[in-house]
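My structure is below; once you've seen it, I'll send some questions.
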Amino acid sequence: MFISAVYIRFFRSFNFDYLRKASDKFVPHPWDVLDNDDLKYPFVKVPLEEGVTTVVGANESGKSQLLAAIQRALTGRDIERGDFCRYSQFFAVDKAMAFPDFGLQFGNLQESDRDAVAKACKGSTSDFDTFLLFRIGAQAPVVYLP
């Protein structure tokens, strides 16, 4: 199993996918919808390749932020209001900030991986090759199966 994509929203300089939201063909995924007011803000999706173990870019281009997002999505630790994106229209210094959102897509699952995910999700089937795990705010993780 490997992480095939990272999803980030409202975390440091990762706000949300403006291009996807502005598209006439934009159809939100379930995880793109905020709980309040049915607002739709698509995650920034960063695809990863299996076997690639480096992140290369110029200084201040987001390499460390990407790695921090992966760590927060995997562990659920260190998700703090202070990391909320300052470029977001929801950012304000005069009120309590929301938490940033993180997600991971896992691919290339082995049978034991599928069985473990199905058991954890109390599912009756383990017939899937990928799944997504999201941490919306600082809440418990949500798993999406195809």
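Would you be able to say whether some residue in the stretch 121-137 is in a helix (DSSP H, G or I) and more than 18 Å from Asp78 (Cβ to Cβ)?
no
Still on this structure: With respect to the numbered conditions (1) without any contact (Cβ under 8 Å) to a residue 12 or more places away in the chain; (2) over 24 Å from Ala140 (Cα atoms); (3) out of contact with any helix residue (DSSP H, G or I) (no Cβ under 7 Å at 6 or more places or on another chain), which one is the sole condition not fulfilled by Gly57?
Result: Gly57 fails condition (3) only.
Oh, and also: Find all pairs meeting these conditions: Cβ atoms under 6 angstrom apart; at least six residues apart or on different chains; first residue within the stretch 117-138 and within 27 Å of Asp35 (Cβ to Cβ); second residue open to solvent by less than 40 Å² (accessible area, probe 1.4 Å) and charged (D, E, K, R).
Correct list of pairs: Ile136/Asp101.
Using beta carbons and a limit of 7 Å, which pairs, at least six apart or on different chains, have the first residue in the stretch 91-107 and open to solvent by 20 Å² or more (accessible area, probe 1.4 Å) and the second one among the hydroxyl-bearing types (Ser, Thr, Tyr)?
Gln105/Ser4; Gln105/Thr130; Phe106/Ser4; Phe106/Thr130
Select from the stretch 5-37 the residues that are polar (S, T, N, Q) and open to solvent by 30 Å² or more (accessible area, probe 1.4 Å) and list them in ascending order.
Of everything in the stretch 5-37, those that are polar (S, T, N, Q) and open to solvent by 30 Å² or more (accessible area, probe 1.4 Å) turn out to be Ser13, Ser23, Asn36.
For the structure I just gave you, tell me whether Ala58 is among the small types (Gly, Ala, Ser), touching a Phe, Trp or Tyr at 6+ places or on another chain (Cβ under 7 Å) and part of a loop (DSSP other than H, G, I, E, B).
no
Report yes if Lys40 is among the basic types (Lys, Arg), under 26 Å from Ala140 (Cβ atoms), open to solvent by 40 Å² or more (accessible area, probe 1.4 Å) and within 15 Å of the chain's Cα centre (by Cα), otherwise no.
So Lys40 fits the description; yes.
When only residues in the stretch 102-116 that are among the small types (Gly, Ala, Ser) and under 20 Å from the mean Cα position of the chain (by Cα) count, which is nearest to Leu34 (Cα to Cα)?
Gly103
Any residue in the stretch 60-71 that is under 13 Å from the mean Cα position of the chain (by Cα), over 19 Å from Ala5 (Cβ atoms) and at pLDDT 90 or above?
No: the stretch 60-71 contains no residue that is under 13 Å from the mean Cα position of the chain (by Cα), over 19 Å from Ala5 (Cβ atoms) and at pLDDT 90 or above.
The values are calculated or read from the model by the stated rules, or taken from the named source; none is laboratory data. From a predicted model like this one, the values you see are computed outputs, not experimental measurements. Ideal geometry is used to build each Cβ from the backbone, glycine not excepted, and the neighbour counts take in all protein chains shown. Quick note on the areas: whole protein, heavy atoms, side chains included, nothing else; ligands and nucleic acids left out. Shrake-Rupley method; radii C 1.70, N 1.55, O 1.52, S 1.80 Å.
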